[in-house]
Each structure stands twice: as structure tokens, then as C-alpha cells.
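The values are calculated or read from the model by the stated rules, or taken from the named source; none is laboratory data. Because the structure is predicted, anything quoted here is derived from the model rather than measured. Please note: Cβ atoms are built from the backbone with ideal geometry, for glycine as well, and neighbour counts cover all protein chains shown.
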Amino acid sequence: MKKSVLFTLSLFILFSAFNSYAAVSSASPKGDVTKIKLKNFKEKAGDYVGKTIKLKGIVDHVCEHGGKKMFLVEEKSDARVKITPDENLAAFNQDMVGETVEVIGVVKEFRLDEDYLIEMEEKIKADSKEESEIHMGEHDGNKKEEHSAEDQMEQVNRLRKKLKDSGEDHLSYYSVEATSYKILK
């Protein structure tokens, strides 16, 4: 009996040593999980909002400020998908950049409309006024701020043009809120 238990334990340890991935999970997926190719995500995401999917790609970037988002890409495609961890999943690690990962998560949609653009403009104006009162004229004319109010307003105007050109009342941006991922070897 002891030999049987030791043999089984040895097989388990051997199998674990040759396991081909590291997995991280916050919860098991509920219901069906649909596998979507990364290159098809943009076209199909609208059909899967609120549903659980599986994606595979190469980690192109992990946010340096807390690891709260990463982006997946694939070779021979210009597809790029934003992945965020759900509330139960730890932040992504910088060491993941360049790794191939398989992500299971829920498709999320962010809708950008005219009301949102107006809110953005008001916030930029308020922040700009507050910042100019704080700096008290200590501005280095040779140095352009990374996210100046002018740059932010240009971004709002580009988004407004894109919204108008779309002929729709909103623009949809899709991402995946990860419930689990595994690094493939």
C-alpha cells in the first residue's frame, strides 16, 4: 500500500515538474467560455459584452504604475487588446512582457459619447485653472508638459471628430476583465 501511495505521489510530482504553464486565477469561469482569436477580437467583441471569453496573445506592455492593465498582441496582426485584472486577481507583473499568455475573462465595453467628451473638456479646464494657480508662473517655456491642457483638448477634438465621422451616437472601446490567466511555455 505504501509503495502505491509513494508511486502515485511520485507521478504527481513528476507531472507537476513538467507542467507547461504557470496559472493565476481569481475564480473559475461560470458558464460557457468562447475562444476568440486575438486578431478577431475587435470585430467580435460587441457580440460578447458581459460574456466570458478566452484569448491567447503575447504581452506587449504591462502598466508600470501598479500593473493594472496589460496589452496583448499577436504576430502577423495589428490587433492589440487591453486586459485588466478583476477585483480578485492580483496586478500584472512587468516580467510578463514578451510572454505568451492565455487569458479568461469577461468582455467589457466603454462607450464614449458627446456627454462624456463635454465632461472631459470641463475637467481639463478645471484642472488647467487649478494648475496655473498652483505654479504661479514658474513655467519653463522650453519644456512641454507630457499631458498639457492643450494636448488633452486636442485629444478631445480628435475623439469628437471620430465620433462625428462614425455617424453613430457613441464610440465603443472593448477590453477584457481577466478572471484568470496562464503563462504558456
Within segment 92-105, can one find any residue that is at pLDDT below 95 and within 26 Å of Asn157 (Cβ to Cβ)? no
The strands (runs of 3 or more DSSP E) lying wholly within segment 69-130 that contain at least 1 residues that are charged (D, E, K, R) are 80-85, 100-112
Could you tell me whether segment 23-38 includes any residue that is modelled with pLDDT of 95 or more, part of a strand (DSSP E or B) and within 14 Å of the chain's Cα centre (by Cα)?
no
Can you confirm whether Ile53 is part of a strand (DSSP E or B) and at pLDDT 90 or above? yes
message: Checking the structure you have, find out if any residue of segment 1-17 is part of a loop (DSSP other than H, G, I, E, B), at pLDDT 55 or above and surrounded by fewer than 14 Cβ atoms within 10 Å (Cβ to Cβ).
response: no
Residue hits (segment 55-69; among the hydrophobic types (A, V, I, L, M, F, W, C) and within 20 Å of Lys44 (Cβ to Cβ)) are Leu55, Ile58
